[in-house]
Amino acid sequence: MIHTTGQTKAAALGEQECEAVLMQGIAGKDRQAFERLYYSYSPRIGNFLMKLLKSPELVDEVVSEVMMTVWQNADRFDSAQGKLSTWLFGIAHNKALKALERGRRHRLEQVLETEESGFGEDEWDDAHAGLGYAGPDNPERTVLGWELGDILLWALDQLTPEHRIVVELTMTVQCTYQDIALITGCPVNTVKTRMFNARKKLAELLIKRGYSPYDIEEAR
């Protein structure tokens, strides 16, 4: 058992050393080192971002932003502070937050324009259908188990990016609070608090739009 533990520690140390060497190469603008990192990590980062952003085009854009940041700031990576994957996913998390906020502002602007146009109820539904809201097979429709369609998507869009990411990671990616804490760089208690506040805010928003707590429970 002691021998196995020693081997495990040695393997982890060897991995950290390899990561440090790789990042030193990228810091020195070694394109081959950068290509190795890109092909190793971009698929994993892309899968993570897809759970949050729901758009292949936006995911490609954010992955490019992440890799550009790595290329420009590789010298900031410190293997003594943690694994390379944690550092990379931290960058991806920050970029995703910014992308979500940009998208939320854009959609709210469109909704406000729709409200000001004086559409009737049927036209309002048609207008919402053109805002890029998900169809019935979109995973967002089952977040928190509430199949409330577009009204739930609207409610999710009202959350701050920090709260929405916690909801998405917890309910659709099945991350633990510990995983989310590592990704977001927050203490576990902060993650729990954000999840509590996000649930409370979603319930308040849905009730304001005409859904009672009983309706929500029945839709689960």
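Figures for the structure shown
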{"read-out": "Members of region 43-54 that are in a helix (DSSP H, G or I) and either touching an Asp or Glu at 6+ places or on another chain (Cβ under 8 Å) or at pLDDT 95 or above (or both)", "value": "Gly46, Lys51, Leu52"}
{"read-out": "Residue in region 56-76 that is in a helix (DSSP H, G or I), touching a residue at least 60 places away in the same chain (Cβ under 8 Å), crowded, with 17+ Cβ neighbours inside 10 Å and in contact with a Gly (Cβ under 8 Å, 6 or more places away or on another chain) present", "value": "no"}
{"read-out": "Selection status of Leu169, modelled with pLDDT under 80 and buried (at least 18 other Cβ atoms within 10 Å of the Cβ)", "value": "yes"}
{"read-out": "In region 202-220, residue modelled with the lowest pLDDT [restricted to those that are buried (at least 17 other Cβ atoms within 10 Å of the Cβ) and in a helix (DSSP H, G or I)]", "value": "Ile216"}
{"read-out": "Condition check for Arg141: modelled with pLDDT under 55 and either assigned by TED's automatic domain parsing to the domain that holds Asp60 or within 21 Å of Leu58 (Cα to Cα) (or both)", "value": "yes"}
{"read-out": "Subset tally (residues that are assigned to a helix (DSSP H, G or I), of a type in the set (Ser, Thr, Tyr) and within 22 Å of Met50 (Cβ to Cβ)) for region 155-200", "value": "3"}
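The values are calculated or read from the model by the stated rules, or taken from the named source; none is laboratory data. Since this is a predicted model, take the numbers as computed values, not measurements. Here Cβ is always computed from backbone atoms with ideal geometry, including for glycine, and neighbour counts include all displayed protein chains.
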